[in-house]
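Asks: Following this message is one structure expressed as C-alpha coordinates.
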Amino acid sequence: MKKKLPITKIKAKAWNLFSRYIRYRDCYATTGTYEYGICYTCEKKYSFKKLQAGHFVDSRTKPVLFNPDIVKAQCMGCNVFKKGNKDFYTPKMIKEYGQYKVLEFLELRHNKDKTWRREELYKVIEIYQDKIQEYEQLARNHVSD
Ligand SMILES: [Zn+2]
(Lines give C-alpha, C1' and ligand atoms only; values in the text may rest on other atoms or scores of the structure.)
Protein backbone atom coordinates (compact mmCIF):
# COMPACT_ATOMS: atom_id res chain seq x y z
CA MET A 1 0.00 0.00 0.00
CA LYS A 2 1.14 3.52 -0.77
CA LYS A 3 2.39 5.42 2.23
CA LYS A 4 0.16 8.34 3.08
CA LEU A 5 1.94 11.69 2.97
CA PRO A 6 1.08 14.15 5.73
CA ILE A 7 -1.38 16.77 4.53
CA THR A 8 1.08 19.61 5.19
CA LYS A 9 3.53 17.99 2.76
CA ILE A 10 0.87 17.64 0.07
CA LYS A 11 -0.19 21.24 0.59
CA ALA A 12 3.42 22.41 0.32
CA LYS A 13 3.80 20.50 -2.93
CA ALA A 14 0.58 22.00 -4.29
CA TRP A 15 1.76 25.49 -3.32
CA ASN A 16 5.15 24.93 -4.89
CA LEU A 17 3.56 23.99 -8.22
CA PHE A 18 0.95 26.73 -8.06
CA SER A 19 3.61 29.34 -7.31
CA ARG A 20 5.71 28.18 -10.27
CA TYR A 21 2.65 28.34 -12.51
CA ILE A 22 1.90 31.94 -11.43
CA ARG A 23 5.50 33.01 -12.01
CA TYR A 24 5.72 31.37 -15.44
CA ARG A 25 2.39 32.88 -16.43
CA ASP A 26 3.33 36.39 -15.32
CA CYS A 27 6.92 36.26 -16.60
CA TYR A 28 5.68 35.40 -20.05
CA ALA A 29 2.86 37.96 -19.90
CA THR A 30 5.16 40.79 -18.84
CA THR A 31 8.43 40.10 -20.67
CA GLY A 32 7.68 37.42 -23.27
CA THR A 33 10.25 35.15 -21.60
CA TYR A 34 10.14 32.48 -18.90
CA GLU A 35 13.33 33.72 -17.22
CA TYR A 36 12.30 37.24 -16.21
CA GLY A 37 9.15 38.96 -15.09
CA ILE A 38 7.87 42.31 -13.91
CA CYS A 39 6.68 42.56 -10.31
CA TYR A 40 2.93 43.31 -10.34
CA THR A 41 3.21 46.11 -7.82
CA CYS A 42 6.60 47.88 -8.15
CA GLU A 43 6.91 47.04 -11.86
CA LYS A 44 10.62 46.29 -11.65
CA LYS A 45 12.16 43.38 -13.53
CA TYR A 46 13.29 40.27 -11.62
CA SER A 47 14.50 36.81 -12.51
CA PHE A 48 11.98 33.97 -12.24
CA LYS A 49 13.76 32.69 -9.14
CA LYS A 50 13.55 36.04 -7.37
CA LEU A 51 9.81 36.35 -7.97
CA GLN A 52 7.18 35.04 -5.58
CA ALA A 53 3.47 34.34 -5.89
CA GLY A 54 1.80 37.11 -3.88
CA HIS A 55 -1.81 37.13 -2.74
CA PHE A 56 -4.06 40.13 -3.24
CA VAL A 57 -6.37 38.91 -0.49
CA ASP A 58 -4.68 38.43 2.89
CA SER A 59 -6.19 35.23 4.06
CA ARG A 60 -5.75 31.58 3.33
CA THR A 61 -9.37 30.52 3.03
CA LYS A 62 -10.20 27.85 0.52
CA PRO A 63 -11.38 30.14 -2.28
CA VAL A 64 -8.25 32.29 -1.80
CA LEU A 65 -5.18 30.10 -1.44
CA PHE A 66 -4.96 28.56 -4.91
CA ASN A 67 -6.94 31.18 -6.82
CA PRO A 68 -4.93 32.28 -9.87
CA ASP A 69 -6.97 35.48 -10.34
CA ILE A 70 -5.87 36.93 -7.03
CA VAL A 71 -2.27 35.78 -7.00
CA LYS A 72 0.37 37.62 -9.04
CA ALA A 73 4.11 37.49 -9.42
CA GLN A 74 5.71 39.90 -6.98
CA CYS A 75 9.21 40.59 -5.73
CA MET A 76 10.07 39.76 -2.14
CA GLY A 77 10.20 43.44 -1.25
CA CYS A 78 6.57 43.93 -2.23
CA ASN A 79 5.21 40.55 -1.17
CA VAL A 80 6.97 40.16 2.17
CA PHE A 81 8.43 43.44 3.38
CA LYS A 82 5.58 45.62 2.13
CA LYS A 83 3.00 42.93 2.98
CA GLY A 84 1.74 42.76 -0.60
CA ASN A 85 2.25 46.46 -1.39
CA LYS A 86 -1.52 46.97 -1.42
CA ASP A 87 -1.27 50.71 -2.22
CA PHE A 88 -0.30 49.59 -5.69
CA TYR A 89 -1.94 46.16 -5.77
CA THR A 90 -5.49 47.40 -5.17
CA PRO A 91 -5.67 50.10 -7.85
CA LYS A 92 -4.04 47.79 -10.39
CA MET A 93 -6.51 45.01 -9.63
CA ILE A 94 -9.40 47.47 -10.02
CA LYS A 95 -8.00 48.52 -13.37
CA GLU A 96 -7.64 44.89 -14.45
CA TYR A 97 -10.89 43.40 -13.10
CA GLY A 98 -13.18 46.32 -12.25
CA GLN A 99 -14.24 47.39 -8.78
CA TYR A 100 -17.15 44.94 -8.41
CA LYS A 101 -14.97 41.94 -9.11
CA VAL A 102 -12.33 43.26 -6.72
CA LEU A 103 -14.97 43.60 -3.99
CA GLU A 104 -15.99 40.01 -4.67
CA PHE A 105 -12.36 38.95 -4.32
CA LEU A 106 -12.07 40.77 -1.00
CA GLU A 107 -15.22 39.06 0.27
CA LEU A 108 -13.50 35.69 -0.13
CA ARG A 109 -11.50 36.41 3.01
CA HIS A 110 -14.65 35.89 5.09
CA ASN A 111 -15.09 32.33 3.95
CA LYS A 112 -14.62 30.13 7.02
CA ASP A 113 -13.40 27.05 5.24
CA LYS A 114 -9.65 26.50 5.41
CA THR A 115 -9.58 22.73 5.57
CA TRP A 116 -8.14 21.15 2.47
CA ARG A 117 -8.85 17.51 1.90
CA ARG A 118 -6.22 15.25 0.41
CA GLU A 119 -8.13 14.65 -2.82
CA GLU A 120 -8.66 18.39 -3.32
CA LEU A 121 -4.94 19.03 -2.95
CA TYR A 122 -4.12 16.18 -5.30
CA LYS A 123 -6.45 17.80 -7.83
CA VAL A 124 -4.57 21.12 -7.46
CA ILE A 125 -1.28 19.26 -7.94
CA GLU A 126 -2.58 17.53 -11.05
CA ILE A 127 -3.87 20.77 -12.62
CA TYR A 128 -0.69 22.76 -12.06
CA GLN A 129 1.68 19.93 -12.89
CA ASP A 130 0.07 19.83 -16.33
CA LYS A 131 0.19 23.59 -16.79
CA ILE A 132 3.84 23.75 -15.75
CA GLN A 133 4.71 20.99 -18.18
CA GLU A 134 3.09 23.04 -20.94
CA TYR A 135 5.07 26.13 -19.95
CA GLU A 136 8.32 24.21 -19.71
CA GLN A 137 7.70 22.75 -23.13
CA LEU A 138 7.05 26.24 -24.48
CA ALA A 139 10.14 27.60 -22.73
CA ARG A 140 12.27 24.90 -24.39
CA ASN A 141 10.85 25.71 -27.81
CA HIS A 142 11.06 29.42 -27.23
CA VAL A 143 13.61 30.85 -29.59
CA SER A 144 15.03 34.13 -28.47
CA ASP A 145 17.08 36.17 -30.87
ZN1 LIG B 1 7.93 44.57 -6.30
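The values are calculated or read from the model by the stated rules, or taken from the named source; none is laboratory data. Treat the numbers as computed from the prediction; the structure is a model and nothing was measured. We place every Cβ from the backbone using ideal geometry, glycine too, and count neighbours over all the protein chains shown. All accessible areas refer to the heavy atoms of the entire protein, side chains included, with ligands and DNA or RNA removed. Shrake-Rupley method; radii C 1.70, N 1.55, O 1.52, S 1.80 Å.
Asks: At 1.4 Å probe size, with every protein chain present, just tell me what the per residue accessible area of the chain comes to in Å². Mind dumping the intermediate values first?
Replies: Values: 9380 Å² over 145 residues.
Computed with neighbouring chains in place, this is 65 Å² per residue.
Asks: Related question: Points 7 angstrom from Cα along the Cβ direction at Ala12 and Ser47: gap in nanometres?
Replies: Those two pseudo-labels are separated by 2.4 nm.
Asks: Quick one: Karplus J couplings for segment 28-42, per residue in order, coefficients 6.51, -1.76, 1.60, θ = phi - 60°, nearest Hz, x for Gly and Pro?
Replies: Per-residue couplings from phi come out as 5, 5, 9, 10, x, 10, 9, 9, 9, x, 9, 4, 4, 9, 9 Hz.
Asks: Structure shown: which of Lys13/Lys112; Lys9/Lys62; Lys82/Lys112; Lys13/Lys123; Lys72/Lys95 lie over 21 Å apart, alpha-carbon to alpha-carbon?
Replies: Values: Lys13/Lys112 23 Å; Lys9/Lys62 17 Å; Lys82/Lys112 26 Å; Lys13/Lys123 12 Å; Lys72/Lys95 14 Å.
Going by Cα-Cα distance, Lys13/Lys112; Lys82/Lys112 fall outside the 21 Å limit.
Asks: Output the direction-averaged projected area (hull surface divided by four) of the convex hull of the alpha-carbon atoms of the chain, in nm².
Replies: On the way: hull surface 40.0 nm².
Convex hull of Cα atoms, orientation-averaged projection: 10.0 nm².
Asks: Count the net charge of all other residues whose Cβ sits under 14 Å from the Cβ of Phe81, scoring Lys and Arg as +1 and Asp and Glu as -1. If you can, show how the numbers build up before the last one.
Replies: Details: positive: Lys44, Lys50, Lys82, Lys83, Lys86; negative: Asp87.
Result for the neighbourhood of Phe81: +4.
Asks: Note down the relative contact order for segment 7-115 as a percent, whole number, built from C-alpha pairs under 8 angstrom at least six residues apart.
Replies: Working: 145 pairs, mean separation 27.0, N = 109.
Rounded, it is 25 percent for segment 7-115.
Asks: A follow-up question, please. Could you work out the local net charge near Asp58, counting Lys and Arg as +1, Asp and Glu as -1, over the other residues with Cβ closer than 11 Å to its Cβ?
Replies: Numbers: positive: Arg60, Lys83, Lys86, Arg109; negative: none.
Value of the local net charge: +4.
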